[in-house]
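Q: Take this structure first; my questions come after.
Here, each number is a calculation from the coordinates, and none is a lab measurement. What you see is a predicted model; the values in this text were computed from it and never measured. In this analysis, Cβ positions are derived from the backbone assuming ideal geometry, glycine residues included, and neighbour counts consider all displayed protein chains.
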Amino acid sequence: MGLDFSQIVPSIPYILEGIWVTLRIVFFAGVIGFALGIILSLFKISSVKPLGWLADAYTSVFRGTPLVLQLMIIYFGSPQILGFQIEPYAAAIISFGLNSAAYISEIIRAGILAVDKGQREAAEALGVSYWQMMWDIILPQALKNILPALMNEFITLTKESAIVTTIGVMDIMRRSYQVGAEYYSYFEPLLFAGLIYYLMVITLTFLGKLLERRMRRSD
């Protein structure tokens, strides 16, 4: 096959620098997605119908269209809509965060509904306000139940972050592609990029299981 991994050895530090770019995008997008996901989930279970309709419409749009399309609309469409060009790094965080919120909202909503109704009835009997009950009683219990699903979403976000290469973000994939272009040999650097993503996912999976065990012990 004529494979020669030794030729990319000098470029390995350059490719590895993309890890921090990828992790920063995933982290900030995850924070945005989680915060917005909580709000959307509360809208969905709210007795105020327009809020539920708004949250459902949001989820339908972002779950029903490709993430790469959302990324390109935000990045390439920003000059036409906003009058200025959003930076690739910011566009990646915004698009990933908005997309992740749609999925996380469904996860959190399911977690909230899975909490024993007696918890809510007891809080209402004690005169606890709705928002205080959600924040102090319902959400903490729901988060323990949905932690595996949240970690899966975070892992998916990590893998899907590779599409930011389409708008020029210097992540792992982009750097690997550039190394391949330099040596006119793409298989080796791209396979190395795949190994990096695999190790990142394995690490996140291990950390998620560790966190899950600790939360169970705290019950």
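Q: Summing +1 for each Lys or Arg and -1 for each Asp or Glu, what net charge is found among the other residues whose Cβ lies under 15 Å from the Cβ of ILE138?
A: Net charge in that neighbourhood comes out at +1.
Q: If you take every residue apart from ILE104 with its C-beta less than 13 Å away from the C-beta of ILE104, what net charge results, scoring Lys and Arg +1 and Asp and Glu -1?
A: Net charge around ILE104: +1.
Q: Going out from 0 in 10 Å bins, what whole percent of all Cα-Cα distances in segment 70-165 drops into each bin?
A: 14, 32, 22, 20, 10, 1
Q: List the relative contact order of segment 1-126 as a percent without decimals, with contacts defined as Cα pairs under 8 Å and 6+ residues apart.
A: Computed over segment 1-126, the figure is 36 percent.
Q: If packing is taken as the average number of other Cβ atoms within 10 Å across a peptide's residues, how do 157-170, 199-212 rank, most packed first?
A: Top of the packing list down: 157-170, 199-212.
Q: Note down the magnitude of the dipole of segment 154-215 about its Cα centre, charges +1 on Lys and Arg C-beta and -1 on Asp and Glu C-beta and zero elsewhere, to the nearest 20 debye.
A: 320 debye
Q: Hey, another quick one. Based on DSSP H assignment, which helices of the chain show an axial Cα extent of at least 18 Å together with a mean Kyte-Doolittle hydropathy greater than or equal to 0.5?
A: Working: long enough: 12-44 (46 Å, 1.79); 49-64 (22 Å, 0.01); 67-82 (20 Å, 1.66); 88-114 (39 Å, 1.15); 139-160 (29 Å, 0.29); 187-217 (45 Å, 0.72).
For the chain, where a helix must reach 18 Å along its axis and average at least 0.5, the hits are 12-44, 67-82, 88-114, 187-217.
Q: When 1/r is averaged over all different Cα pairs and the result inverted, which Kirkwood radius in Å belongs to segment 1-86? Before the final figure, lay out the partial values.
A: On the way: mean 1/r = 0.0597 Å⁻¹.
Evaluated over segment 1-86, this radius sits at 16.7 Å.
Q: Also: Farthest toward the dipole's positive end in segment 62-219, which of SER105, LEU199, GLY168, given Cβ charges of +1 (Lys, Arg) and -1 (Asp, Glu) about the Cα centre?
A: LEU199
Q: Which order do peptides 181-194, 30-43, 48-61, 115-128 fall in by mean Cβ count within 10 Å, highest first?
A: The peptides rank, most packed first, as 30-43, 181-194, 48-61, 115-128.
Q: While we're looking at this one, here's another question. Mean separation of Cα pairs under 8 Å and 6+ residues apart, divided by the residue count of the chain: what relative contact order is that in percent?
A: Details: 229 pairs, mean separation 61.9, N = 219.
Dividing the mean separation by the residue count of the chain yields 28 percent.
Q: Over all distinct alpha-carbon pairs, what is the Kirkwood Rh of segment 131-215 in angstrom?
A: Taking every pair of different Cα atoms in segment 131-215, averaging 1/r and inverting gives 15.2 Å.
Q: For the chain, compute Rh as the Kirkwood radius over C-alpha pairs and then the Stokes-Einstein diffusion coefficient at 37 °C and 0.692 mPa s; write the answer in µm²/s, rounded to an integer.
A: Using the Kirkwood radius from Cα pairs, D works out to 168 µm²/s.
Q: Got a sec? Charge dipole of segment 1-154, +1 on Cβ for Lys and Arg, -1 for Asp and Glu; which of VAL9, ALA92, MET134 is way out at the positive end?
A: Projecting each Cα onto the dipole axis, the largest value belongs to MET134.
Q: How big is the dipole moment of segment 85-171 about its Cα centre under a simple scheme where the beta carbon of each Lys and Arg is +1, that of each Asp and Glu is -1, and everything else is neutral? Debye, nearest 20, please. Intermediate results must be reported in sequence, preceding the final value.
A: Working: 5 positive and 9 negative charges, 29 e Å.
Result for segment 85-171 is approximately 140 debye, rounded to the nearest 20.
Q: Based on the inverse mean of 1/r over its pairs of different Cα atoms, what is the Kirkwood hydrodynamic radius of segment 134-180, in Å?
A: Hydrodynamic radius (Kirkwood, Cα pairs) of segment 134-180 is 13.0 Å.
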